[in-house]
Structure formats: structure tokens, C-alpha cells
Amino acid sequence: MLRGRNRVAAAGELVDQLLIARGCDREDDPRRRRACGYAVLRAVVEADSIAEAPAFATRRHSDRVLVALQVAEDESFDTPNDAELLDMAAAFADESIKLAGSDPLPTPVAVIRALEVVARRHDQVPGEQRLVQLAAAASGTVLVNARLELYPCDLDPVRALRLSQAGAGVPPEGLTPEALARRVSARFPGLAELPDGRDLERLLVEAGFELAWDGNRLMPPPLPGATSTRLPSTASGRAPVSAASGSGPGARLGYALRHGGARVVTFRRSRWAATRDRVCELAGVQTTDASAAFVGALRKVASELLIPDFDVILQADAPSADPGDRTNLQQVVAESGSGWPRHGRAPTCWCSTGSPRSVATRAGWRCSTGCSTPPAAPAGSADRER
């Protein structure tokens, strides 16, 4: 079992694998089965400790027992010894506690990179999945999910509800507390059970989800207004200036702005400008062409750096470009950030329109906080809001 886990593991991992491999017919209760597994593992380790040539080395860290495989006489010279492996596992545990305590929770990529830095200090780099699993198991207070995210075992339920978006997309017939709990455990397995009834309703409201407990289910608020999903328009093809206060896309957009969430609007390409202006009017934000702003800032930096031909910048973004040119391009792009227009504290809708988009795309940039030019819609496609 230890060789399959890079020669080091937390005792809990070995117990889990032991129960899977051998089972426990005498107990049905999961906690008692686990206690039996720990008893067997302890007996094996203690019996090994009095052997003439022990195979295992153990260490207690953060209330967890770590077990490593010692180097046998017939193994190669570069086999990592048990002390190095136990030091690495303990360092993983400390780093995982630090990562899981971050707000916001680190992404899986950030988790892997941080743990790889620790592993390199010990001249060991296990596979990504094993890296994160060992860090969580060795800590005793950190859990890991299938996405390789680390989170504390006592993660605040409001935070768990918010991060898992368990209260979003609730069907009109509502959800049972059990169904909502399954949504949370799908993202964060191993957490304490959620309450039900009014207590669960209060947690959901605190997390930003307006669900009401009706005695049996958690019900979403009624949708405002009519069932039509078409974007209102006039014969000229432009969106009207006013919208009904209780129905239509304007009301649904206003609801999303007040309560959070996303609202996606699809439309004919010919109505792009009208729709953009209408959305900005309803949201009360300014409109700025992200592509034009970025390309303008990029050209300004290129001029200041005495780059005579702007095509040089575009060529540096090609896959076959020289690494030195790509490094210089990153510097130019970074410096161009200071040239973007400032709007103070006013909300801004960053849009990309017209030909500058192709230049910005070639330069390797896309606006991630606003709108982009919509793709051409098939002829005859209906205007609709989703």
C-alpha cells in the first residue's frame, strides 16, 4: 500500500485502503469499522517495530500519524529515505492548512503550485493528485475534493453554500433539504450536515439565495412578470427606451443586478449596438470599447519604447516567436495597463466592437469583465433572452 502511495501516507489513508481491500464483516457502523481498521494498522506497525529489520517509520504530526517505508537493503541508492519522506509529508500538512485558511479559497492550480514548491525543497515531486491528497490527509483539519481544491473541514456553511452555488438554479417546484445538501457535498464532501427548515433558510438568505421554507421544500421566489423570453424591440430593430417595471428582460436584468447571478442575452448581430446601449442603460453603467482602449494603450507604449512597426508586437505573439520577443511582449502588455481610461468609481461596461477586436485577439488579450462582439447568428434566428 505504501509503495503505491509514493512510500509515505497518513495512517487514515492506509486504514481506508485496508478496509476496501480486506473489509470488516464484524461491524456495520462506519465509525466502528474505521476503529477496527486503526487497530489492525497499529498492530502491524507495532509488530514491525520490534522486528530485526523494521520496514516502517512513523511520526506524529498535527494529531495525525504518518507512516513511511524505510529503504530496504536491495533497493537502489537514490531511493528516498523515511526521514525525508516524513519531513515532506509534515511540510505538506502545514502548507495545506495555510492554503485552506485562505479567503478566497485557492484554485486547484494555485494549490498544486504551492505544494510543488514544498516538494522540491525535499527533492520529491509526487504526481499532482497524490500531492494534494497527502497534504490533506496529513493535516487532520483539511479536506480535498475531486477538483483538487483544499478547504477546511469546518468550512462555514454559509460560505459552502455560496461557493457551491447550491441555492442557484432551483426549479419552480423547489428543492428538499436533502437535495440541496447533495449539491453542497458534490463540491465539498465531508463537511458537517446542514440543518433543515427555517435554520437552512436563514443560512441560504445569508449566502445570498432568496429561498423560502414552506414546511417541506425550499421554494424560489416567483419569477417577475410574464413568461415571454423575447427581447423587446421596435419595428426599426432598436430596443425601446422604457421597459415594464414588472415584466420582460428589463425586470429580469434588474432582479439579477439586485440579487446577484448572471443574465445572458442573445440577439441578432444587427442589433448589437442597440442591445449594448439598452443593457448599459438598464444597469446604469458607462460603455467603453475594451479593444480600442487596449490597442490604443498598446500603441502608445510601443511609441514610447521607439518600436517603429506595430507588426513587430503582433509577430511576437505568434507560436513560433523567439522566447526573448515573447518576454518583451509581456513587458509591453504589462506597461500598457496604465494607459487604460479611468472612470473613477463609476461602473463600466467594457465592450469589444468592430475591427480592433481582431488586433486585440492577435495580441493575446480578451476582456474577461464585460461584453464581447457576438458571433454572427444564423439567418432567421429569434431574438431571445435566457
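Applying 0.36 nm per residue to the separation of R182 and T141 and subtracting their alpha-carbon distance, the gain on full extension is 12.6 nm.
With each label modelled as a point 7 angstrom along the Cα→C-beta vector, the E281-A21 pair spans 7.0 nm.
Where nothing but the Cβ of Lys and Arg (+1) and of Asp and Glu (-1) is charged, how large is the charge dipole of segment 38-104 around its Cα centre, in debye to the nearest 20? Magnitude of the dipole: close to 420 debye.
Averaging Cα coordinates gives a centre for segment 1-30 and one for segment 89-152; these two points are 21 Å apart.
For segment 23-45, backbone nitrogen atoms closer than 19 Å to the point 7 Å from A55 Cα along Cα-to-C-beta are found at 23, 37-45. Measure off 7 Å from each Cα along the Cα-to-Cβ vector at A72 and A256, then give the distance between these two points in nanometres to one decimal. Taking the simple label geometry, A72 and A256 are separated by 6.1 nm.
Any read-out appearing in this document is the output of simple, stated calculations on the displayed coordinates, not a laboratory observation. Predicted model, so just to flag it, every value in this text is computed and none were measured. Heads up, the Cβs are rebuilt from the backbone with ideal geometry, glycines too, and the neighbour counts pull from every protein chain shown.
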